[in-house]
């Protein structure tokens, strides 16, 4: 067996304690019960001090002898045991790997322990939240999704990588970017631009926007994954770089921004390690339509789902700032949304040569 | 009162003449009337006609057997001679007919029919056995063939009707040497169609057997298949009693007719002897309210005076009518016969106490709800709730929609009793309404009117039966759920024990055994708790059914896929 580090030992101990508590209940003839933090909108709050979303102290019980819980209870014990095995082998696996490792047919039935990954993923989060451990500490990785480019150099294990020399594809942000894995060797940029969409990021990279503006450009290709969120947080904390977000002007883009800035509901238990509260929203906004004389025909009418989501956003505590409420009201009043690509109507380079420089110069941001 | 005898005589003479005239007129025209009004007599429609014929013969046989204190044994056969041409044979083991009575029984329309008798009777639906003879004659030109045997003789004969004078024609009388007691009739009919559906002869006989558990009925259909509905009760029903009209129910017209034909010479004695619950105290009260002397000859009462009497009755507190004149089938018999013929999984029979409806008519309802098993009616691939309506034991097969019994059944909230989608549930609902006077909606006597009192009694009975059914369903659901839970707990216990054993580096088997002990303990506690909360009221039943329903859903959800977690994944992919 591979020698495990102190942290790993601590994690294994926590997992074993979970198991021992349950077995003790069983030996006493009690209904085995796990106590888990409630990870839903009803049990999160916005912490003014850290300026991130945090998990409240409501817990719920998962019992073996509750027919609605039994299957989940069984699955949770399987996940805990499998994670321990992964750590003991000193490996790091994706949460999809874990799902396949756990999936098998229950003896004497035609039923599988897990039918799809959507069953195992939330249980990993349950274990993280209840044992107060990070995904990385469990030797688990989400799939890498983000890409980044700019004037900086990192060291990943033995490899030294210059992010200014990654060509048109950029560098793929690993899921674990903790200091012991990724070291930032050189940093010359003035700010970080977080771009919602892959296609827009590629245009910026092709134009060498990061070189002209001396910035880092990064995208999560839709909803940002833990890797790029943690990495942006490090750039903000360790190098004091301002972070600007460039999103579609719709409730979905704005929500992705809020996840980067103050965190998500389901990962609320570890947002202190993931969120970047100093992030600013550079655009797009509905107000830009008039400000930059964007032709009406490139805007899109809100649909039922957009309006529902917009109302939800309006009610979130971290969106209560006057500026945001005004933006939401304007969006509802004008009944429009707008994609980043719509700015191409004003010319292919309008966004990089006019829109962004102007916005940054005037500090025309939403908080 | 010195003129009384003279007047009486005068009136009597006139009466006789008028009645005779009326009788002649009626008998003369009845045959013609019959020809023209087949549908009113239940003989229209090719299927309905055949069912009505069977009804007339079987009802006659049942009545004859019961009157002679014989357990009925009835055999019916329908043969298809050609397209829409059938031969019907109906044989009973009754007392038989004599050469004097056979003509009247099969060859005289309206013979022996008593109208306005307040007595629980099966009653004719069409126009009796003679009507069948008439129909045979009209459609095939043939007389009907009778074989009958009484205590003294056995003979065969042909019977037809002289339609002009409504007189029976009995011919070809042949004494027979074989031993036979009872009556057999064989008749041919055209323009009919044998159909095996809810309104066909087979269903009619099946229900007749249910309504008359003391009868054995054998039926051979046109395909030659024989079905026997065995007797499930060995007791011949007691004869119902006739009741006199109750003062609160009698109409001016009825009372006037009664007054005209009473042997009483004084109005007060007439009222006392011919109305139910009329006593001296009541008569005193009535005397104070009417403008004439109650010693008056009732034959001389005018319409206005009768109206005064009826009005006076309204203000008197009469004792409610007798209800002990009714003869229900009996819960035990209904139970036995439905179990034998419907073969349900669960059956609950509820008989209400006799009651009185507006007009002073005693009535009583017998109901049953049969659930699961072979209950319900299969129509093609689909299941339907089967409604079995009876009036004085006679199955009502037609006019279902317009019947007060159907109305009562439909207004019961079956969902409350665990019967979801009542219309397509595997349920047979049995209702027998018995009364001295059934309020039919039409001459066809196939539907009961929407009488408030009757509908309410049926509803109360069915709700009671529904509650019992709900209790059964609850018990069954509990057991099903218990087994399902046990299965789920046990299958996951093995997985949990292995995972926990590995996690804490201990043997999994002892953990598994302990877990299974906990499961067994829990299931026992569940059972005890369920026993403790025995549902009694409708609300309790509803709550318990809802609880079980929810648990069932949870059980299903617990073993299947989980629903999507939150609206965001926090970048967790």
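The values are calculated or read from the model by the stated rules, or taken from the named source; none is laboratory data. Worth saying up front: this structure is predicted, and the values here are computed from it rather than measured. Note: ideal-geometry Cβ built from the backbone for every residue, glycine included; neighbour counts use all protein chains shown.
I'm trying to understand the selection: among the residues of region B:217-229, which are surrounded by fewer than 18 Cβ atoms within 10 Å (Cβ to Cβ) and either in a strand (DSSP E or B) or at negative phi (or both)?
Answer for region B:217-229, where residues must be surrounded by fewer than 18 Cβ atoms within 10 Å (Cβ to Cβ) and either in a strand (DSSP E or B) or at negative phi (or both): B:218, B:220, B:222, B:223, B:225, B:226, B:227, B:228.
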Open item on the list: Which of the numbered conditions does residue A:99 fail, given that it passes all the others? Conditions: (1) crowded, with 19+ Cβ neighbours inside 10 Å; (2) free of Cβ contacts under 8 Å to residues at least 40 places away in the same chain; (3) within 12 Å of chain B (Cβ to nearest Cβ).
Closed with: (3)
Task: Of residues in region A:18-49 being assigned to a strand (DSSP E or B) and touching a helix residue (DSSP H, G or I) at 6+ places or on another chain (Cβ under 8 Å), the one surrounded by the fewest Cβ atoms within 10 Å (Cβ to Cβ) - done: A:35
Open item on the list: When you scan region B:351-359, do you find a residue that is over 25 Å from residue B:451 (Cβ atoms), outside any helix (DSSP H, G or I) and touching a helix residue (DSSP H, G or I) at 6+ places or on another chain (Cβ under 6 Å), even just one?
Closed with: no
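Any residue in region B:264-285 that is closer than 30 Å to residue B:343 by Cβ and either within 34 Å of the chain's Cα centre (by Cα) or not in a helix (DSSP H, G or I) (or both)?
no
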- [ ] Evaluate the following for residue B:460: is it more than 10 Å from chain A (Cβ to nearest Cβ), surrounded by fewer than 19 Cβ atoms within 10 Å (Cβ to Cβ) and without any contact (Cβ under 8 Å) to a residue 40 or more places away in the chain?
- [x] no
Open item on the list: Looking at residue B:517 and the list (1) loosely packed, with under 15 Cβ neighbours inside 10 Å; (2) more than 9 Å from every other protein chain (Cβ to nearest Cβ); (3) modelled with pLDDT of 85 or more; (4) under 59 Å from the mean Cα position of the chain (by Cα), which single condition is not satisfied?
Closed with: (2)
- [ ] Could you list, in sequence order, all residues of region A:268-290 that are assigned to a strand (DSSP E or B) and closer than 26 Å to residue A:38 by Cβ?
- [x] none
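Which is surrounded by fewer than 16 Cβ atoms within 10 Å (Cβ to Cβ), in contact (Cβ under 8 Å) with a residue 40 or more places away in the chain and within 19 Å of the chain's Cα centre (by Cα), of B:340, B:348, B:355?
So the residue among B:340, B:348, B:355 that is surrounded by fewer than 16 Cβ atoms within 10 Å (Cβ to Cβ), in contact (Cβ under 8 Å) with a residue 40 or more places away in the chain and within 19 Å of the chain's Cα centre (by Cα) is B:340.
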TODO: Go through (1) in contact (Cβ under 8 Å) with a residue 60 or more places away in the chain; (2) part of a loop (DSSP other than H, G, I, E, B); (3) not assigned by TED's automatic domain parsing to the domain that holds residue B:308 and name the single condition residue B:184 misses.
DONE: (2)
Task: Candidates B:58, B:88, filtered to the one that is modelled with pLDDT of 90 or more, outside any helix (DSSP H, G or I) and under 21 Å from residue B:192 (Cα atoms) - done: B:88
TODO: Return yes or no: is residue A:161 in contact with a strand residue (DSSP E or B) (Cβ under 6 Å, 6 or more places away or on another chain), more than 13 Å from every other protein chain (Cβ to nearest Cβ) and free of Cβ contacts under 8 Å to residues at least 24 places away in the same chain?
DONE: yes
Open item on the list: Can you find a residue that is at pLDDT below 90, more than 8 Å from chain B (Cβ to nearest Cβ) and over 19 Å from residue A:128 (Cβ atoms) anywhere in region A:105-114?
Closed with: yes
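Has region B:411-419 got any residue that is in contact with a strand residue (DSSP E or B) (Cβ under 7 Å, 6 or more places away or on another chain), under 29 Å from residue B:58 (Cα atoms) and either buried (at least 20 other Cβ atoms within 10 Å of the Cβ) or in contact (Cβ under 8 Å) with a residue 60 or more places away in the chain (or both)? Break it down stepwise before answering.
First pass over region B:411-419, keeping only residues in contact with a strand residue (DSSP E or B) (Cβ under 7 Å, 6 or more places away or on another chain): B:419.
Filter once more, keeping what is under 29 Å from residue B:58 (Cα atoms): none.
Looking for residues that are in contact with a strand residue (DSSP E or B) (Cβ under 7 Å, 6 or more places away or on another chain), under 29 Å from residue B:58 (Cα atoms) and either buried (at least 20 other Cβ atoms within 10 Å of the Cβ) or in contact (Cβ under 8 Å) with a residue 60 or more places away in the chain (or both), one finds none in region B:411-419, hence no.
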